[in-house]
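Engineer: This is the structure I want to talk about, given as structure tokens.
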Amino acid sequence: MVQKDSDDLQYIIQGSRDKGLVSLGLAIGKNKHLSRLVLDGYGLERFVHIESFFPKLSHNTSICLIELYSFRGIHINVISQLSPFFYGNRNLTQLKISDCTLGTEGCRLLALAISTHISSLTCFCIVNRTINQGHSDEDLAVIVQALKVRPQQLQELHIRDNIGSRTLGALESLLHYTTDLRYLGLNGSVVNEVVNDYMAAVLAAAMNCKLLHSLNLNQCNSNGEIMNGGIDIGEEGIDVLASALPNNNLLRLDLGGINGGSVERLKALVIALPRSLVTLNLSNISIGESEVKALAGVLKADPPLETLGLNSCGIREKGIVMLAEALANNSRLRIVQLSNNDVITSEGWQAFSNSLCDTSTVNKTYLSNHMIEKIRLHPSRGSQDVTSALELNRCDDKGLVAKKKILKHHRHFDIQPFVQWNFKVLLLLIGWLESVAPFSAEFDMNGTVEMRKLTVVYEFVQSLPELFVLTYSLQELNLLRYEQSRRRMYQMQADPDLDSRIVQVEHRLAML
């Protein structure tokens, strides 16, 4: 079967008895715009004419990404079949091996292709989601060593497999020469021995990569559970990260499931988090009150962090309240994940509600957190106030979010704090009410905005009666003086009542 991606730049080739594979290979070989090709080995035994497909494919020079998916044991010859393609394509920059077991011979053929044929490779990924079906540590080490032939151009490297000391030793050596590395993913299962010392050396080498912006050490499977035998970076690895992070420009750091070591070491790591981070995942790490307090301090400083993962960290109710309160001062965070921690009580829900929409005053509602769009908490019925605030926050116009929250929760404005602005505040409030009138229907307030305008005017007059007396008196005095000057100009007879009224108004103004 052939599936063509919606952007017309990717083909996914699956098993078929159709002899049209030869023609398809020829068509792909001649295509000058195709950029991605995924070969799905599932059901490959049905490829009757597979040996005729690859020679035609080798003429293509536009493909920049090729992925081999679900190739197992007996199909390792696909690597040798692709060798002419690797050799002839100078635009191939990404090579991904997903859920494949190539065996020792297949890994050596792949290493040979990388070191001799693929001259433009910038991204290499070898990922096995089922670790016990992956490659051996020795076979992985051979592939990593092949990448050392052209280390300067490598920008992305992801290894999720059975990792041991040989792979880590080869990786450390490679990282010392990678000057352009942007992403490093290292997940998997220890297969032969304790590798803490090797991991610390790898992390030290990675932290010296000046362009590195993403470090993924997540040791959890797709279900969020820590993999059996997952890599333990050890306390020495924690220390390496804690000392190197402050001087690093990482944007994304995923430490899900690592062994956090002692409380002091993990707290030092949290304090050392770089100000540049946009995504941080600490899920499946045991986090105590001390570390939560340190993390809350980081959030209060309003870093650029947009996504924070704290699932299954054993955070108690007091810690959840501290984090919720810290969010009130944060204007960047969009997603907070707190699933499978302590059950949220009414105190916790109230803390989140106050951070997202403090309804005590109009000003505090305006200054509430309008950025967070998703909070994943322990399964419960939750708080309707929190859910409602999160729904409002999903609007990109945060100024409009603030207006809607005020419109929803403040049907009566206390005008007293603003009376020193005199008539300016009246104009501002009337203009504000007119701007939110189109959204009143969302809160079942049709027709009430006009009523609120009248209420605002009435309360303004009630709050500043002397201001209106002053204004009226000045207008009256100006009219009387104008009439007096007009009579003098036309030499009309003086009006004693007019002069008396002017004296009365001047006295009234003097009393104000």
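Engineer: Which of (1) surrounded by fewer than 16 Cβ atoms within 10 Å (Cβ to Cβ); (2) touching a helix residue (DSSP H, G or I) at 6+ places or on another chain (Cβ under 6 Å); (3) acidic (Asp, Glu) is the odd one out, the single condition residue 264 does not satisfy?
Structural biologist: (2)
Engineer: Anything in segment 104-156 that is under 35 Å from the mean Cα position of the chain (by Cα) and among the basic types (Lys, Arg)? List them, or say none.
Structural biologist: 129, 148, 150
Engineer: Regarding segment 355-374, can at least one residue be identified that is of a type in the set (Ser, Thr, Tyr), without any contact (Cβ under 8 Å) to a residue 12 or more places away in the chain and in a loop (DSSP other than H, G, I, E, B)? Explain how you work it out, then say what you get.
Structural biologist: Step one: list which residues in segment 355-374 are of a type in the set (Ser, Thr, Tyr), which gives 355, 359-361, 365-366, 368.
After this cut, where a residue has to be without any contact (Cβ under 8 Å) to a residue 12 or more places away in the chain as well, the list is 360.
Next cut, in a loop (DSSP other than H, G, I, E, B) only: 360.
Yes, because at least one residue in segment 355-374 is of a type in the set (Ser, Thr, Tyr), without any contact (Cβ under 8 Å) to a residue 12 or more places away in the chain and in a loop (DSSP other than H, G, I, E, B).
Engineer: Let me ask something else. So which residues in segment 157-184 are under 15 Å from residue 212 (Cβ atoms), surrounded by fewer than 19 Cβ atoms within 10 Å (Cβ to Cβ) and over 26 Å from the mean Cα position of the chain (by Cα)?
Structural biologist: If the condition is that a residue be under 15 Å from residue 212 (Cβ atoms), surrounded by fewer than 19 Cβ atoms within 10 Å (Cβ to Cβ) and over 26 Å from the mean Cα position of the chain (by Cα), then 176, 177, 179 are the ones that fit.
Engineer: Of the residues in segment 389-412, how many are small (Gly, Ala, Ser) and in contact (Cβ under 8 Å) with a residue 24 or more places away in the chain? First the steps, then the outcome.
Structural biologist: Here is the first cut: in segment 389-412, the ones small (Gly, Ala, Ser) are 389, 399, 402.
With in contact (Cβ under 8 Å) with a residue 24 or more places away in the chain added as a condition, the list becomes 389, 402.
Qualifying residue count, segment 389-412: 2.
Engineer: Restricting to segment 294-342, name every residue that is in a helix (DSSP H, G or I), in contact with an Asp or Glu (Cβ under 7 Å, 6 or more places away or on another chain) and open to solvent by 40 Å² or more (accessible area, probe 1.4 Å).
Structural biologist: Looking only at segment 294-342, we keep the residues that are in a helix (DSSP H, G or I), and these are 294-300, 317-329.
Right, trim to in contact with an Asp or Glu (Cβ under 7 Å, 6 or more places away or on another chain) and you get 317-321, 329.
Residues satisfying the conditions are 318, 329.
Engineer: Which of the numbered conditions does residue 237 fail, given that it passes all the others? Conditions: (1) of a type in the set (Gly, Ala, Ser); (2) open to solvent by 20 Å² or more (accessible area, probe 1.4 Å); (3) modelled with pLDDT under 90.
Structural biologist: (2)
Engineer: Are any residues in segment 73-117 in contact with a strand residue (DSSP E or B) (Cβ under 7 Å, 6 or more places away or on another chain), free of Cβ contacts under 8 Å to residues at least 40 places away in the same chain and over 15 Å from residue 37 (Cα atoms), and if so, which ones?
Structural biologist: Residues satisfying the conditions are 73, 99, 101.
Engineer: Report, by residue number, each residue of segment 16-46 that is open to solvent by 50 Å² or more (accessible area, probe 1.4 Å), modelled with pLDDT of 80 or more and not aliphatic (A, V, I, L, M).
Structural biologist: Here is the first cut: in segment 16-46, the ones open to solvent by 50 Å² or more (accessible area, probe 1.4 Å) are 17-19, 23, 26-27, 30-33, 36, 42, 45-46.
Then drop every residue that is not modelled with pLDDT of 80 or more, which leaves 26-27, 30-33, 36.
The answer is 30, 31, 32, 33, 36.
The values are calculated or read from the model by the stated rules, or taken from the named source; none is laboratory data. Worth saying up front: this structure is predicted, and the values here are computed from it rather than measured. Methodologically, a virtual Cβ is constructed for each residue, glycine included, from the backbone with ideal geometry; neighbour enumeration extends over all protein chains shown. Ligands, DNA and RNA are stripped out before the accessible areas are found, and what is left, the full protein with its side chains, is counted by its heavy atoms. Shrake-Rupley method; radii C 1.70, N 1.55, O 1.52, S 1.80 Å.
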